[in-house]
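Beneath this line is the structure, given in structure tokens, with notes to follow.
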């Protein structure tokens with residue numbers, strides 16, 4: 001499901017900058033609007049500014065310039081109302097070691113001034129496969145279970161915007177699968193989700209829109225499908241009957257490459273071009289007596305697009 005931007009954005013970031021003492025500029029004039037119910041993936045290399053951006057929105061780090069509103073509430077002028085709208089799952093496993101799972105998650109709800117709601121806490125713990133561990137002390141849990149507790153704490157006060165900062169880094173496959181199921185259910189209930197991830201295939205699978213941040217600048221924000229269409233390319237690989245020592249003469253007008261073994265010719269082409277040139281290429285190869293035993297095609301992945309974007313800015 002792709003979100004519409006017709007309704008007012010639930011998160012609005014305008015001209016946001018952050019410069020630390022010493023002059024390091026972590027964020028440079030970030031502008032971003034996210035509609036309610038969207039899953040937005042923020043991609044970028046380490047040190048690009050992802051966590052700084054999330055920390056400012058969540059009130060953990062002070063901004064240098066710009067403004068941020070959450071559901072119409074300014075994060076400075078109306079901090080408490082804005083913060084109540086937000087749930088945050090941080091990267092670090094910072095949990096109360098001697099408290100039980102139930103006490104920790106319930107206490108987190110109380111911090112936001114929400115009345116007790118055991119039924120909601122139970123639902124969150126069940127959704128995250130934590131119900132059987134509800135009486136266990138945090139210190140006895142595995143790393144993956146502690147990560148589940150962080151997610152439960154973030155959901156305890158029923159936020160409308162959920163930030164997931166590298167939520168599946170270093171966790172098991174079962175948790176990753178459980179967590180994405182929870183994310184889907186949350187989005188269906190109207191919760192807006194902003195995630196940062198190094199697992200680009202997760203962004204490709206889950207997100208409606210993709211943002212790419214590099215060196216503190218938001219260099220691209222695009223609908224995922226449109227991004228794949230505009231920046232993607234395809235590769236046609238011809239598996240040759242007889243190996244070649246070099247790309248044949250007379251094909252300089254084609255983006256052809258030969259495998260090190262000489263048994264595969266790969267042609268890269270733009271999926272948006274009026275003509276791919278494949279038919280002409282095949283005919284000309286046949287005229288030169290070059291035969292092939294198989295053909296395969298491959299679409300560029302979001303990871304390849306991301307790497308190319310960041311390298312272009314390096």
So, in region 204-228, how many residues would count as being surrounded by fewer than 21 Cβ atoms within 10 Å (Cβ to Cβ), within 14 Å of the chain's Cα centre (by Cα), outside any strand (DSSP E or B) and modelled with pLDDT of 85 or more? 1
Among the residues of region 69-112 satisfying the criterion of being assigned to a loop (DSSP other than H, G, I, E, B) and more than 29 Å from the chain's Cα centre (by Cα), which is farthest from residue 13 (Cα to Cα)? 98
Mind listing whichever residues of region 93-112 are under 15 Å from residue 157 (Cα atoms) and either surrounded by 14 or more Cβ atoms within 10 Å (Cβ to Cβ) or free of Cβ contacts under 8 Å to residues at least 12 places away in the same chain (or both)? 102, 103, 104, 105, 106, 107, 108, 109, 110, 112
Answer with yes or no whether residue 22 is out of contact with any strand residue (DSSP E or B) (no Cβ under 9 Å at 6 or more places or on another chain) and in a loop (DSSP other than H, G, I, E, B). yes
Residues of region 25-68 classified as at pLDDT 90 or above, closer than 22 Å to residue 205 by Cα and in a strand (DSSP E or B), total: 7
Among the residues of region 113-131, is any touching a strand residue (DSSP E or B) at 6+ places or on another chain (Cβ under 9 Å), loosely packed, with under 15 Cβ neighbours inside 10 Å and outside any helix (DSSP H, G or I)? no
Of all residues in region 143-181, which are in a loop (DSSP other than H, G, I, E, B) and modelled with pLDDT of 80 or more? 156, 157, 158, 159, 160, 166
Do we have any residue at all in region 182-200 that's farther than 25 Å from residue 58 by Cβ, modelled with pLDDT under 80 and not in a strand (DSSP E or B)? no
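State yes or no: is residue 182 buried (at least 22 other Cβ atoms within 10 Å of the Cβ), touching a residue at least 12 places away in the same chain (Cβ under 8 Å) and in contact with a helix residue (DSSP H, G or I) (Cβ under 8 Å, 6 or more places away or on another chain)?
No.
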Among the residues of region 248-261, how many are modelled with pLDDT under 90, touching a strand residue (DSSP E or B) at 6+ places or on another chain (Cβ under 8 Å) and loosely packed, with under 15 Cβ neighbours inside 10 Å? 2
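The values are calculated or read from the model by the stated rules, or taken from the named source; none is laboratory data. Please read all numbers here as calculations on a predicted model, not as lab measurements. Every residue, glycine among them, receives a Cβ derived from its backbone with ideal geometry; neighbour counts consider all protein chains shown.
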